[in-house]
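The values are calculated or read from the model by the stated rules, or taken from the named source; none is laboratory data. This structure is a prediction, so every number in the text was calculated from the model and none was measured. Glycine also receives a Cβ, built like all others from the backbone with ideal geometry; neighbour counts cover every protein chain displayed.
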Amino acid sequence: MIPAAETHPFLETQPVAERTLEDRLAPILFTIAFVDILLMAGFLHRVGSSNVQPLEIDIMRVGLMIAWPLIALDGVVAFFRRSPDVSWKLATVRVLLILVLPSARIAWVHPVTNQIWLPRLGWQSPGKPLFLRLEKLFGVPMFIFAFLILPVLGAEYLLPERVKEIPALMLVLDVGIAMIWVAFLVEFLVKASAAPKTLAYVKERWLDMAIVLLPTLEFILTRWVDAAPLARLLRLGRVIAPEQIAKMNKLYRLRGLMMKGWYAFLLLGGMARITGNSAEKRLLRLEVQIAELEEQLAELQQEADELRKQLANASGNAGTPVVG
C-alpha cells in the first residue's frame, strides 16, 4: 500500500478506494514489463545465432505477444482513470509511449498517481531527489556487473571464431551480451523517467541510448530486410550495413561498460580511498566546480539578456509605422 498521505499530496484528490487498483497492479505490471525486456533481449540477441532452437524463438514470440496486450490494457484504463492534475494530452503521450515501447512500462509515470512505482521504493515523484537516489542505488550493481561481464566481452573480441565452434560458449556469450543490453535499458528507462528534465538526460546519455538502439537496428536490417522497404533501401544504398552496426555496437558496449564501472567506482568513493584524498581536498574540488558552474551561469545570463534586447528591438521596429 501507499505510504502516508503527507508524503503523497495527490492522495488528497484521490480517495483510497480509487488507489487500490493501482496499488495492487503496480508490482504485477512492473514484473510484466521486466519480463518483456528479458524476452526482447533474447529475441534480439538469440534469433540470429546458429545454435538457436525453434522452441526458444516460439517461447519468446508468444511471451511478447502476451505482454503487449496486458501493458496496453493497463495504459488505456489508466488514461480514463487519470488524475485531475494530469491533462488528457500528457496522459495520451504517456499511453502512446508504452503502446509503442512496452518496455517503458517498467518506469512509467502513471497518469493516475503522476508518480513512478519501483520495487522497495513504492510510489515516487519524478525529480532531482529521486534521480540522485537512483544514481546511488544503481552504482553498486553496475560496478559489479561491469566487472563480471568483462570476460564475456573478452571472448567476444579475442576468440570470436572459437566461440562460434562451441555451442555452449555461444550460448553463454549471447546470454551475457543480452544481459548487458537489459542492464543498460533498465537503467536508462528508470533514470530517464525520474530525471528532472527527461530530454536533457536522453541527450546527455547518448552512449547508453546507442547501446540500446544499435542491436534493434541491426536486427531490423538483417532479419526484416525483405519486409521493410526502408531497411532494404538503406542496405542496398550501403548507407547502413549490418556489419558496420555490429562493430559499432561492440565498441559502444565495451566503452559503455568501462564508463559505467568507472563512474560507479567514483560514486562509491573508491578513488578517495586509493589516493587518500582528505575532506579538505574534496571540499576544494567542490568549490572549484561551483566556481565553474557560476561562470557558466553568468555566461548564460548574458546571452539571455542579449536575446531579450534583440526581441525588444524587433518588437519596436515592427510597431514603427512606415513613411511612404
(message) Criterion first (among the basic types (K, R) and either assigned to a helix (DSSP H, G or I) or over 22 Å from the mean Cα position of the chain (by Cα) (or both)) does R120 satisfy it?
(response) no
(message) Looking at the range 30-56 only, could you name the residues that are in a helix (DSSP H, G or I) and of a type in the set (V, I, T)?
(response) T31, I32, V35, I37
(message) Yes or no: the range 38-47 includes at least one residue that is crowded, with 20+ Cβ neighbours inside 10 Å, charged (D, E, K, R), within 17 Å of I106 (Cβ to Cβ) and out of contact with any strand residue (DSSP E or B) (no Cβ under 7 Å at 6 or more places or on another chain).
(response) no
(request) Say whether the condition of being farther than 28 Å from F80 by Cβ, surrounded by 11 or more Cβ atoms within 10 Å (Cβ to Cβ), at pLDDT 80 or above and under 25 Å from the mean Cα position of the chain (by Cα) is met by at least one residue in the range 18-36. (result) no
(message) I'd like the full set of residues that are over 19 Å from L213 (Cβ atoms), at pLDDT 70 or above and of a type in the set (A, V, I, L, M), limited to the range 147-181.
(response) I166, A168, L169, M170, L171, V172, L173, V175
